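The values are calculated or read from the model by the stated rules, or taken from the named source; none is laboratory data. Here the structure is a predicted model, which means the values were calculated and not measured. For neighbour counting, all protein chains shown are included, and Cβ atoms are generated from backbone atoms with ideal geometry for every residue, glycine included.
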Amino acid sequence: LPTVLITGAGRGIGLEFARQYAAAGWEVIATVRDPAQAEMLRGLGARVETLDMEDFAGLAAFPARLAGSSIDLFIANAGVSGPQRIDSAEAAGQWGQVHAVNAVAPTLLAEALLPKVAAAGGKMVAITSRMGSIADSSGGYIAYRASKAALNAAWRALALSVAGQPVTLTMFHPGWVKTDMGGPNALLSMPDSVASLRRVIESLSSAQNGAFLNYDGEPLPW
Ligand SMILES: NC(=O)c1ccc[n+]([C@@H]2O[C@H](COP(=O)([O-])OP(=O)(O)OC[C@H]3O[C@@H](n4cnc5c(N)ncnc54)[C@H](OP(=O)(O)O)[C@@H]3O)[C@@H](O)[C@H]2O)c1
């Protein structure tokens, strides 16, 4: 059975990925920072690991906890939205936290997991955001946009540096999705977003290594 590793799988898009891959017969390794979220995931048959994206030492050591499991697909999904404006010392401090969770953590994990995913000829997917597109910016949410632009730059660089190895790294905007983060006015349901993402991920080839794609597979401007 293929195995998928999903971060931030206790709720939102991450939980929906866990649901759909489990239903499709995959082995699911789901990470949460709050062990209280483990029960629902275990009900899906997932293996649950506790992991906080701000714990860099824990992230670097994480692959050792997966010894014996092969990883065919790594989905770096966990993310935070942060303050809307950088108009106080407190907000400026939160920007650092948003950057750590949204950009540094997924990149550290990708580097750490690279040998394992390459050994399986697998794929790594970052759930980034269209809000990280500088060409396409509509303003606001400065910390979030900057963190996702940084994630895009980091994963693009990593993808180019592993070109030729049997691994594909791709960045996806999941759409505007009805989750705690997306809010109730979002245009897409979690099942529709994730079903589309799964279809596109399944069809990814090495030609899409380093690409920034919409959830329907269309390329997005940087
Ligand atoms: N919803 C949208 O419209 C939309 C649009 C574009 C991109 N995205 C991206 O899609 C991804 C999933 O978002 P979502 O909409 O599902 O958001 P969500 O419902 O707010 O869920 C966020 C997930 O990230 C986890 N997380 C946050 N900080 C963490 C930390 N320090 N350590 C470990 N886990 C942490 C949360 O865990 P806890 O439960 O422990 O907080 C939760 O599982 C994010 O990367 C987001 O930026 C979403």
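Counting just the residues of the stretch 89-148 that are hydroxyl-bearing (Ser, Thr, Tyr) and not in a helix (DSSP H, G or I), which one comes out farthest from residue 67 (Cα to Cα)?
That would be 138.
In the stretch 84-105, how many residues are free of Cβ contacts under 8 Å to residues at least 24 places away in the same chain, surrounded by 12 or more Cβ atoms within 10 Å (Cβ to Cβ) and either away from the ligand (no atom under 16 Å from the Cβ) or polar (S, T, N, Q) (or both)?
1
Please tell me if residue 78 is within 11 Å of the ligand (Cβ to nearest atom) and in a loop (DSSP other than H, G, I, E, B).
On the way: within 11 Å of the ligand (Cβ to nearest atom): yes; in a loop (DSSP other than H, G, I, E, B): yes.
Yes, satisfied.
All but one of (1) in contact (Cβ under 8 Å) with a residue 24 or more places away in the chain; (2) within 12 Å of the ligand (Cβ to nearest atom); (3) touching a helix residue (DSSP H, G or I) at 6+ places or on another chain (Cβ under 6 Å); (4) not in a loop (DSSP other than H, G, I, E, B) hold for residue 53; state the number of the condition that does not hold.
For residue 53, the failing item is (4).
Which residues, counting only those in the stretch 1-40, are closer than 17 Å to residue 102 by Cα and not aliphatic (A, V, I, L, M)?
Passing the criteria: 7, 8, 10, 11, 12, 14, 31, 33.
When the stretch 61-75 is examined, which residues are found to be part of a loop (DSSP other than H, G, I, E, B) and closer than 17 Å to residue 14 by Cα? I'd like the intermediate steps shown before the answer.
First pass over the stretch 61-75, keeping only residues part of a loop (DSSP other than H, G, I, E, B): 61, 67-72.
71, 72, listed by residue number.
Identify the single condition in (1) in contact with a strand residue (DSSP E or B) (Cβ under 7 Å, 6 or more places away or on another chain); (2) free of Cβ contacts under 8 Å to residues at least 40 places away in the same chain; (3) among the hydrophobic types (A, V, I, L, M, F, W, C) that residue 23 does not satisfy, given that it satisfies every other one.
Here residue 23 clears every test but (1).
Taking the stretch 135-157, which residues are closer than 22 Å to residue 97 by Cβ, away from the ligand (no atom under 11 Å from the Cβ) and at pLDDT 95 or above?
Matches in the stretch 135-157: 142, 143, 146, 149, 150, 152, 153, 154, 155.
Quick check on my filter: what residues within the stretch 159-215 are in a loop (DSSP other than H, G, I, E, B), hydrophobic (A, V, I, L, M, F, W, C), in contact (Cβ under 8 Å) with a residue 60 or more places away in the chain and closer than 15 Å to residue 125 by Cβ?
Step one: filter the stretch 159-215 for residues in a loop (DSSP other than H, G, I, E, B), giving 162-167, 174-176, 178-187, 189, 203-205, 209-211, 215.
Of the ones still in play, those that are also hydrophobic (A, V, I, L, M, F, W, C) are 162-163, 167, 176, 181, 186-187, 204, 211.
Applying the additional criterion that residues be in contact (Cβ under 8 Å) with a residue 60 or more places away in the chain yields 181, 204.
The one that is in a loop (DSSP other than H, G, I, E, B), hydrophobic (A, V, I, L, M, F, W, C), in contact (Cβ under 8 Å) with a residue 60 or more places away in the chain and closer than 15 Å to residue 125 by Cβ: 204.
In the stretch 165-186, how many are more than 7 Å from the ligand (Cβ to nearest atom), closer than 21 Å to residue 133 by Cβ and more than 15 Å from the chain's Cα centre (by Cα)?
So the answer is 2.
When the residues of the stretch 1-41 are filtered to those that are within 22 Å of residue 173 (Cα to Cα) and of a type in the set (Lys, Arg), which remaining residue is nearest to the ligand (Cβ to nearest atom)?
Only one residue fits best here, namely 11.
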